Amino acid sequence: NALPDMAANDGNSVSPEMSRREQAAKSIKRYAAASAGFGIIPIPALDMSAIGTSQLLMIRSVAKIYGVVLSKDRVRVIVSSTVGGVAPVLLGGGLSSIFKMIPVVGTVVGAVTLPSIAGLTTLTLGNALADHLDAGGSLDELGLAQLRATFNSEFRAAKAKLSRKKEASVESTEALAA
């Protein structure tokens, strides 16, 4: 299982000259990559479970870098409170997982869409949390509202950036084909 190894080496053992934000960024990228990889798992529900576990471990890792100790329950509250704002997109990720039950076509659709959604969501959640904690934000109810707003803003920006990259890729492919 890759997750316990990642948790043991979650970025907290990096050199002391790295800032907390740099340490957090390193950990966030590792968990976002893992979440995207877990999106390829061909078994519905197992993929979502692995992605969720990766996000929970990432939050604990980032919090630890900033000296914040979180219980499992508090981490779950943070994820549901923060990520809930992009539920329609995440529902698409869940549907991608369910699509995997359809032989061949469903597996392809799920394998193409879910990794992108999982990686983007994990990366955005981690960056929003690190930015929030770096600015001295708390994780009480008021702090969670601020974190949710930051996450939603960063998620929309990341999604727009991904769409622009996809459009540019399609345009360059069409230009090569012409």
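The values are calculated or read from the model by the stated rules, or taken from the named source; none is laboratory data. No experiment lies behind these values; they were computed from the predicted model shown. Cβ coordinates were reconstructed from backbone atoms using ideal geometry, including for glycine residues, and neighbour counts include every protein chain displayed. Just so you know, the surface numbers come from the protein's heavy atoms only, side chains and all, with ligands and any DNA or RNA stripped out. Shrake-Rupley method; radii C 1.70, N 1.55, O 1.52, S 1.80 Å.
The table below gives the values:
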read-out: Complete set of residues in region 44-53 that are in a helix (DSSP H, G or I) and open to solvent by 30 Å² or more (accessible area, probe 1.4 Å); value: Leu46, Met48, Ser49, Thr53
read-out: Residue in region 38-56 that is hydrophobic (A, V, I, L, M, F, W, C) and within 21 Å of Arg20 (Cα to Cα) present; value: yes
read-out: Extreme residue, modelled with the lowest pLDDT, among residues of region 6-24 that are within 18 Å of the chain's Cα centre (by Cα) and part of a helix (DSSP H, G or I); value: Ala7
read-out: Boolean, Thr173 is at pLDDT below 75, open to solvent by 50 Å² or more (accessible area, probe 1.4 Å) and not hydrophobic (A, V, I, L, M, F, W, C); value: yes
read-out: Matching entry among Ser81, Ser27, Ser49 (being of a type in the set (S, T, N, Q) and at pLDDT below 80); value: Ser81
read-out: Residue satisfying all of: in region 120-136; open to solvent by less than 10 Å² (accessible area, probe 1.4 Å) and touching a residue at least 60 places away in the same chain (Cβ under 8 Å); nearest to the chain's Cα centre (by Cα) among these; value: Thr122
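This table checks each residue for (1) closer than 19 Å to Arg148 by Cβ; (2) in contact with a Leu (Cβ under 8 Å, 6 or more places away or on another chain); (3) surrounded by fewer than 17 Cβ atoms within 10 Å (Cβ to Cβ); (4) modelled with pLDDT of 95 or more.
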| residue | (1), (2), (3), (4) |
| --- | --- |
| Pro42 | no, no, yes, no |
| Lys64 | no, no, no, no |
| Lys72 | no, yes, yes, no |
| Arg76 | yes, yes, yes, no |
| Pro88 | yes, no, yes, no |
| Ser96 | no, yes, no, no |
